[in-house]
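Trainee: Can you keep this structure in mind? I'll have questions shortly.
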Amino acid sequence: MTPAQLLSRMKKGDAPGAVLLLGPEAYDRLRLKRALAATVPEDAMARHDLGEVDLATVIDDARALSLFAAERIIWVANAEAALPRGRSEEEDEGESPSGSASGAGLLAAYLRNPTPGVLLVFEAIRFEFEGDDKRKLERVRKFYAAIPDVIELRRYAAHEARQEAETLAGRAGFHLDPAALDLLVEALGSDMARIAGEIEKLGLYAGSRTIGPDDIAALVPDARATTIFALVNALGRRDRASALEILDTLTREGEYLPLALAFLSTQFRMALVAREAGLKSSQQIQVHFSRQGVPMWGSRAEQVSQTVGRFGGAQIERALKLISRADRGLREARPDDRIVMEQFVLELTER
């Protein structure tokens, strides 16, 4: 189920007794919460936290009839807290060792005959869909198996965040330069909740004019990463003076230089792949990486293309070796990060 499908069902008077929100993506979750709140009077939306109350309390509230609202929404945070601790997964469902009904059993019994007009929304946002959290998330899903309607809130991929950010900027009445849009998404790590907040503020600042990369660097927190991209471009042009000047800016602003080096490593690795694949233009580079499952938009492909044009294959391989050596230097005991990075820039920009 998607948030839009849930809202559509509610408009048709076919709302489920409960839904389970799984995943950490805050942007869609907050949009859904606002949309649901708009469907009922303000005093008809209640909130519980399963870190503070038990599931039985929530179900008792759902069973209680309201004299003032025919429809109610009960938002239940920290749904993961209801899972039994120190028990086997088999004990998560059905009976507890003492023989009393478990939380999962109580919920299943309620959903066999839910209170008309009451929607329970269980929010489980602690775990990711991949990695070590995957097993924990499946355990949450199993505990709430009585809820057939599950909305998965997955984090936005970079290209999805870019598309949504462009849409939000349009709604706010201003235009984002493509390079500024790319930098905004990358600077904020494709976090749509943060991107939406920054676009709202940029809309107040922009008026009807176009927002460029300099505006992003000046106005968006954490956008010092945009300066790192400027360093990538300067190195791609083999412009030693500009590269050292940008490095000085990063140092004065307190940038974490190993992060800058990681960006550089990615840039040159992409350039090496593009050269070995015989890609001749930014368009070919964009298509090639997109087909490989690596989202890439025009300005980033142009950066890679410029690097390919400035550095030969042997020079790119040398750059990667220099990056590896600089990385080791940054990991040494009490290194002077600036000296390590300056040495890297000097060697990389040798003619």
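Trainee: Could you tell me what % of all Cα pairs in the range 161-348 have separations over 21 Å?
Mentor: On the way: 9359 of 17578 pairs.
So the pairs more than 21 Å apart make up 53 percent of the total in the range 161-348.
Trainee: A further question follows. Straight-line reach from LYS11: which lysines have Cα under 18 Å away, leaving out those fewer than 8 places along the same chain?
Mentor: Within reach: LYS33.
Trainee: Also: By count of other Cβ within 10 Å, fewest leading, how are VAL273, VAL185 ordered? Mind dumping the intermediate values first?
Mentor: Working: VAL273 18, VAL185 25.
Least crowded to most crowded, the residues run VAL273, VAL185.
Trainee: Right, another one. Where Rh is the Kirkwood radius over the Cα pairs of the chain, the temperature 4 °C and the viscosity 1.567 mPa s, what D in µm²/s does Stokes-Einstein return?
Mentor: After rounding, the answer is 54 µm²/s.
Trainee: Another question, if that's okay. Roughly speaking, what is the stretch gain from LYS134 to GLN292, that is 0.36 nm per residue apart minus the C-alpha to C-alpha distance, in nm to one decimal? Write down the numbers at each step before the final one.
Mentor: Working: separation 158, 0.36 × 158 = 56.88 nm, distance 2.46 nm.
Full extension of this stretch gives 54.4 nm more.
Trainee: Okay, moving on. Helix-derived [θ] at 222 nm for the chain: sum -39500 (n - 2.57) over DSSP H runs of at least 4, divide by residue count, nearest 500?
Mentor: Working: 16 runs with 196 residues, N = 351.
So the helix-based figure for the chain works out to -17500 deg cm²/dmol.
Trainee: Another question, if that's okay. Calculate the FRET efficiency for ARG9 and ALA109 from the Cβ-Cβ distance with a Förster distance of 25 Å, rounded to the nearest 0.05.
Mentor: Efficiency for this residue pair is about 0.60.
Trainee: What ³J(HN,Hα) values, in whole Hz, does the Karplus curve 6.51 cos²θ - 1.76 cosθ + 1.60 give for the range 338-344 when θ = phi - 60°, with x put for Gly and Pro?
Mentor: 5, 5, 4, 6, 5, 4, 4
Trainee: For the pair GLU332 and ARG252, how long in nm is the line joining their label points, each one 7 Å along Cα→Cβ?
Mentor: It is 2.8 nm.
Trainee: Can you tell me the 0 to 90 degree angle between the C-alpha axis of helix 192-206 and the longest principal axis of the chain, rounded to 10?
Mentor: It is inclined by approximately 70 degrees.
Trainee: Moving to a separate point now. Rounded to a whole number, what is D in µm²/s for the range 3-152 from Stokes-Einstein with the Kirkwood radius over alpha-carbon pairs (37 °C, 0.692 mPa s)? If you can, show how the numbers build up before the last one.
Mentor: Numbers: Rh = 15.9 Å.
The diffusion coefficient I find is 207 µm²/s.
Trainee: I'd like to know which of GLY173, GLN163, ILE316 lies farthest towards the positive end of the charge dipole of the chain, counting +1 on Cβ of Lys and Arg and -1 on Cβ of Asp and Glu.
Mentor: Of the options given, the answer is ILE316.
Trainee: Now, a different point. What distance in nm separates the two pseudo spin-label positions at ILE125 and ALA38, each 7 Å out from Cα along the beta-carbon direction?
Mentor: 1.9
FYI, it's all coordinate maths here, none of it is from the lab. Here the structure is a predicted model, which is why all the values come from computation and not from measurement. With ideal geometry, Cβ positions are generated from the backbone for all residues, glycine too; neighbour counts draw on all protein chains shown.
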